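Heads up, the thing below is written out as structure tokens.
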Amino acid sequence: MKTTIKLAVASALVAAASSANAGIVIPAGDWTLDISGNVNAYYSYNSGENSKSPNASTSVGALAGGRNAAGENNSTTITTGLLPSFLSVSGKTRQNDLDVGFTISIQPGIATNNSLSSAGQENRQSFLTFGDKSWGTIKAGRDLGIFASTAILSDMTLLGVGAGGANRTGTTTLGGIGTGYLYADWKSQISYASPNWNGFSFAVGVTQPWQTTGTFGTFVDITPVNVTTKSPGFEGQATYEWAGDVAGKVWAGFIYQKLDDVSTLVVPDAGSTSARGFDVGANVNVAGFGLTGYYYDGKGLGTTGFLNLALDGAGNRRDSNGGYVQATYTVPGVGTKLGVAYGVSKLDRTSRDKFYDVDLVSENNRWTVGAYHPLTKHLNLVAEYNRIESQSDASGVKNASADNVSLGAILFF
């Protein structure tokens, strides 16, 4: 299982105490094809609470919506979870002393909220690989990013819903994204992955330059920000894994991208700046118990997604940090994995934000309690409770929070 989605599938299956297997393997001449993926669906009930102020749900970057002025904000949806439904086709062969491969995948959504409409679809993977176990592997194309990738693959909500359970039309919920880690996202890249040297390995990559994003609104004060980025991004991660009665891994990563040609209405030519950050994490497993800890920190990284709300209205970088802790226990003989997790992502206001009293989210946090049961080797039943809270430092703005209960199933093949 060498592709990223297979790593995600393997991580999810381990979380459910099931055996990870290859998909549908088909010999085809010089090639071996592998068709794999998953299908999942969840009944998700989301209830906003805590505040009857409509301002509680308008903070830019907030992930939890409080009640509206009428004191109501409840919704039901049947949707995919953090790991969207996946159909992945991979191929591999050995040619001229090189292992050559490819992966192409699609991610169909299932949820719509009106008639005469269709669910969304994504195409997250399209890449080729070549290399050898003696010196490593080169990857070129679109795949999961390197920075924060282990954080999301270690998140128990990969099997479930996590935050964003009220998402009624997308192909995925948020899981722990924005409440403990930044989204690793699916990036066009040229990367190198080293061999495994007695448990130690590393990966580095050059990625497509990204612009600042308006996922949660670009006008966070009276001045919009425009960034034209021409320099590539850089990401990397080093990992050490060990086996035994006490098994686990530790990892550390970085991300860097120069932001060129920053301009605002206040500062037409603010010059250039950079987005940079690092993360560290650890996972330990012993006698059915699992413990995961993760932390990230950055300048100009933004929150929830890379470069989302990264700069203020004058082009100044906002600081951000966060992390999560997660404890799980797999019931012997049954395979049910029980888990509890807490995650938080923080975004600091700049002096300009404070001057204009910008209603910008200062913190998104999440509690998750989950049960993940392998009904069969490939089919897992999931029950989750998530509580998400969004806070703002703006005067007069109350916190927003939401409770989410999800029940569903995920099947891997």
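Some points to look at:
- Condition check for G48 on (1) assigned to a strand (DSSP E or B); (2) at pLDDT below 75; (3) under 18 Å from the mean Cα position of the chain (by Cα); (4) not charged (D, E, K, R): one failure, at (3).
- Number of the condition not met by T229 [criteria: (1) within 30 Å of R352 (Cβ to Cβ); (2) in a strand (DSSP E or B)]: (2)
- Test: residue in the stretch 349-362 that is under 26 Å from L291 (Cα atoms), in contact with a strand residue (DSSP E or B) (Cβ under 7 Å, 6 or more places away or on another chain), crowded, with 21+ Cβ neighbours inside 10 Å and touching a residue at least 60 places away in the same chain (Cβ under 8 Å): no
- Residue in the stretch 376-388 that is more than 25 Å from D279 (Cβ to Cβ) and of a type in the set (F, W, Y) present: yes
- Top-ranked residue in the stretch 124-159 [being in a strand (DSSP E or B) and of a type in the set (D, E); ranked as farthest from Q189 (Cα to Cα)]: D132
- Picking from residues in the stretch 242-290 that are of a type in the set (D, E, K, R), farther than 21 Å from Y329 by Cβ and part of a strand (DSSP E or B), the one that is farthest from the chain's Cα centre (by Cα) is D261.
- Those residues of the stretch 77-101 which are more than 23 Å from L159 (Cβ to Cβ) and touching a Lys or Arg at 6+ places or on another chain (Cβ under 8 Å), in sequence order: K92, D99, V100, G101
- Check on D353, closer than 22 Å to Q391 by Cβ and part of a helix (DSSP H, G or I): yes
- Only one of the listed residues (V206, V227) is surrounded by 14 or more Cβ atoms within 10 Å (Cβ to Cβ) and at pLDDT below 85. That residue is V227.
- Condition met for S345 (closer than 25 Å to G313 by Cα and surrounded by 20 or more Cβ atoms within 10 Å (Cβ to Cβ)): yes
- Leading residue by the ranking (surrounded by the fewest Cβ atoms within 10 Å (Cβ to Cβ)) among those in the stretch 234-284 that are in contact with a helix residue (DSSP H, G or I) (Cβ under 8 Å, 6 or more places away or on another chain) and not charged (D, E, K, R): T239
- From L63, L83, L87, residue being of a type in the set (A, V, I, L, M, F, W, C), at pLDDT 75 or above and surrounded by fewer than 22 Cβ atoms within 10 Å (Cβ to Cβ): L87
- Residue pairs whose Cβ atoms lie under 6 Å apart, separated by 6 or more positions or on different chains, with the first residue in the stretch 242-254 and over 30 Å from T207 (Cβ atoms) and the second among the β-branched types (V, I, T), are V246/V286.
- Looking only at residues in the stretch 297-327 that are closer than 27 Å to A371 by Cα and assigned to a strand (DSSP E or B), the one that is farthest from the chain's Cα centre (by Cα) is A327.
The values are calculated or read from the model by the stated rules, or taken from the named source; none is laboratory data. Source: prediction; values computed, not measured. Neighbour counts are summed over all protein chains in view; Cβ atoms, including those assigned to glycine, are modelled from backbone coordinates with ideal geometry.
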